[in-house]
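For reference, the structure is listed below as structure tokens.
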């Protein structure tokens with residue numbers, strides 16, 4: 001009861017005017033903006049509003065100067081009667097000055113058209129479900145809550161607070177110039193539900209009103225926030241009415257200083273010592289580039305725990321090992337835990353993949369849900385600095401529509417990140433891993449959906465008698481799209497020994513561009529893909545000797561093992 005009483009403070013606000021009464025004609029696309037470096041008008045085809053909607057984007061000079069760098073995003077919401085063009089140039093100039101004065105890091109600014117919606121209903125859906133993903137896909141953003149901020153004037157000030165309440169997982173700060181607050185039971189419940197997420201994201205609020213512009217509007221809200229450990233700043237400007245220009249002059253600097261204390265300009269947590277992706281490269285916890293050269297293993301049943309497999313691989317120059325695993329009640333998780341530990345002890349980076357969905361799209365959710373188990377998460381956390389999580393091996397055949405593949409992996413990334421996973425997520429294309437079109441056509445949107453930008457795509461080009469230009473085109477296109485891709489499986493023969501796999505040009509193209517590759521496979525009974533027979537390093541096959549020699553020229557151990 002006490003908790004509820006405290007939260008009631010949140011809704012003891014001035015009553016809002018009826019949104020239904022706000023009847024004004026809306027022009028959704030307004031391309032007339034002042035000419036300014038970095039400022040551009042864009043159009044979103046919105047399903048939520050069933051029409052085109054304009055928005056403006058400003059990129060700082062650093063965006064062009066540092067093409068490898070990603071940037072936080074500040075969304076500015078206009079007031080009633082405004083459009084996407086109303087404040088774009090003036091606010092961007094203020095942000096630019098703040099950056100030059102060290103009040104803000106370089107940020108991208110986005111100005112959506114909110115009509116007269118108070119940023120609710122269909123406009124809310126347009127911004128959250130369509131615009132945010134579009135910005136993260138089209139621009140080099142740091143697409144996580146800790147690097148995304150809202151602010152706005154009047155109706156936009158209301159909107160920035162409202163969207164932070166209703167979607168607390170998306171933002172780290174909300175500012176309001178001359179805004180208002182809402183008062184109803186639904187809002188109260190949303191605030192209550194948002195509090196733990198705000199704490200996780202270190203979200204804070206900055207409220208500015210004039211002494212002649214509802215000066216007490218946020219007083220009770222701030223009191224309630226403080227009682228729950230949520231930081232807020234309330235500023236009341238003297239001799240100030242509903243005047244955006246004066247709000248800018250008198251308080252924008254304070255807002256930017258507040259934002260600067262919360263916004264993150266890096267994609268990884270300070271305490272995270274595991275692998276991360278930056279552009280097309282993988283880095284280890286010492287911030288050294290790591291290019292995986294290794295081998296696939298299926299020891300789950302033939303060599304449980306890797307007692308025979310791992311010592312042999314350790315004698316090669318391999319720097320990583322990809323482990324076959326299934327959700328089999330007859331083989332406990334402790335077997336995998338022991339194998340991962342043994343590999344790490346031998347300075348091998350570990351990639352673990354689940355095989356249930358191999359060629360069987362209907363089992364992809366089984367793989368995703370396996371990773372969400374508490375005991376599995378604990379095991380991965382135990383080996384976090386050395387671990388790469390392969391969500392599902394080769395999920396789906398060649399009939400899977402690209403849109404379905406894309407949407408399912410966006411959903412998987414969201415679930416795994418919400419579950420607390422920080423390690424790289426490795427994603428195989430459909431068509432039994434062979435379909436590079438899934439990566440090349442959908443990879444950018446999947447990457448943009450990851451708040452950590454920590455995605456590795458793994459292509460398995462098993463098709464026989466392929467021309468060299470297929471490998472060249474796939475690899476170079478992935479680089480052009482700034483995707484991190486490796487070749488996760490290949491051999492000298494087709495998967496069913498049906499013909500020759502043209503592997504040398506594939507390896508040469510990978511080596512030319514610093515792209516890693518993993519050979520299939522170490523050892524299986526009577527398997528023509530074997531690198532060795534009988535799990536014995538001394539019994540190398542002809543093909544095994546050739547690929548191990550190639551690996552010897554390229555492979556470098558991960559520097560992360562120096563942390564042990």
Considering the stretch 212-223 alone, what residues qualify as being in a helix (DSSP H, G or I) and crowded, with 20+ Cβ neighbours inside 10 Å?
-> 221
Within the stretch 497-505, is even one residue closer than 28 Å to residue 268 by Cα and in contact with a strand residue (DSSP E or B) (Cβ under 7 Å, 6 or more places away or on another chain)?
-> no
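When you scan the stretch 258-288, how many residues do you find that are assigned to a loop (DSSP other than H, G, I, E, B) and within 30 Å of residue 207 (Cα to Cα)?
Residues meeting the conditions: 10.
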Those residues of the stretch 425-450 that are in a loop (DSSP other than H, G, I, E, B) and more than 12 Å from residue 485 (Cα to Cα) come to a total of 7
Can you find even one residue in the stretch 395-402 that is within 23 Å of residue 129 (Cα to Cα), out of contact with any helix residue (DSSP H, G or I) (no Cβ under 9 Å at 6 or more places or on another chain) and at pLDDT 95 or above?
-> yes
Of the residues that sit in the stretch 325-337 and are within 30 Å of the chain's Cα centre (by Cα) and under 13 Å from residue 299 (Cα atoms), which one is surrounded by the fewest Cβ atoms within 10 Å (Cβ to Cβ)?
-> 326
Within the stretch 420-440, residues within 25 Å of residue 170 (Cβ to Cβ) and modelled with pLDDT of 95 or more come out as 421, 422, 423, 424, 425, 427
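Conditions tested, residue by residue: (1) in a helix (DSSP H, G or I); (2) within 27 Å of residue 181 (Cα to Cα); (3) at pLDDT 95 or above.
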| site | (1), (2), (3) |
| --- | --- |
| 9 | yes, yes, no |
| 24 | no, yes, no |
| 44 | no, no, yes |
| 64 | yes, no, no |
| 83 | no, yes, yes |
| 91 | yes, yes, yes |
| 97 | yes, no, no |
| 105 | no, no, no |
May I ask you to verify whether residue 15 is outside any loop (DSSP other than H, G, I, E, B) and at pLDDT below 55?
-> no
Residue identified as assigned to a strand (DSSP E or B) and either in contact (Cβ under 8 Å) with a residue 24 or more places away in the chain or on the phi > 0 side of the Ramachandran plot (or both) among 53, 123 = 53
If we keep just the residues of the stretch 171-186 that are in contact with a strand residue (DSSP E or B) (Cβ under 6 Å, 6 or more places away or on another chain) and more than 17 Å from residue 87 (Cα to Cα), which is surrounded by the fewest Cβ atoms within 10 Å (Cβ to Cβ)?
-> 171
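Check the stretch 343-355 and report whether any residue there is over 28 Å from residue 405 (Cβ atoms), at pLDDT below 95 and either surrounded by fewer than 21 Cβ atoms within 10 Å (Cβ to Cβ) or not assigned by TED's automatic domain parsing to the domain that holds residue 401 (or both).
No, the stretch 343-355 contains no residue that is over 28 Å from residue 405 (Cβ atoms), at pLDDT below 95 and either surrounded by fewer than 21 Cβ atoms within 10 Å (Cβ to Cβ) or not assigned by TED's automatic domain parsing to the domain that holds residue 401 (or both).
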Scanning the stretch 187-211 for residues that are in contact with a strand residue (DSSP E or B) (Cβ under 9 Å, 6 or more places away or on another chain) and more than 19 Å from residue 146 (Cα to Cα), which turns out surrounded by the fewest Cβ atoms within 10 Å (Cβ to Cβ)?
-> 211
Unique match (being touching a strand residue (DSSP E or B) at 6+ places or on another chain (Cβ under 9 Å) and farther than 22 Å from residue 520 by Cα) among 419, 448 | 448
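The values are calculated or read from the model by the stated rules, or taken from the named source; none is laboratory data. Since the structure is predicted, the reported quantities are computational estimates derived from the model, not experimental observations. Note that each Cβ is placed from the backbone with ideal geometry, even for glycine, and that neighbours are counted across all protein chains shown.
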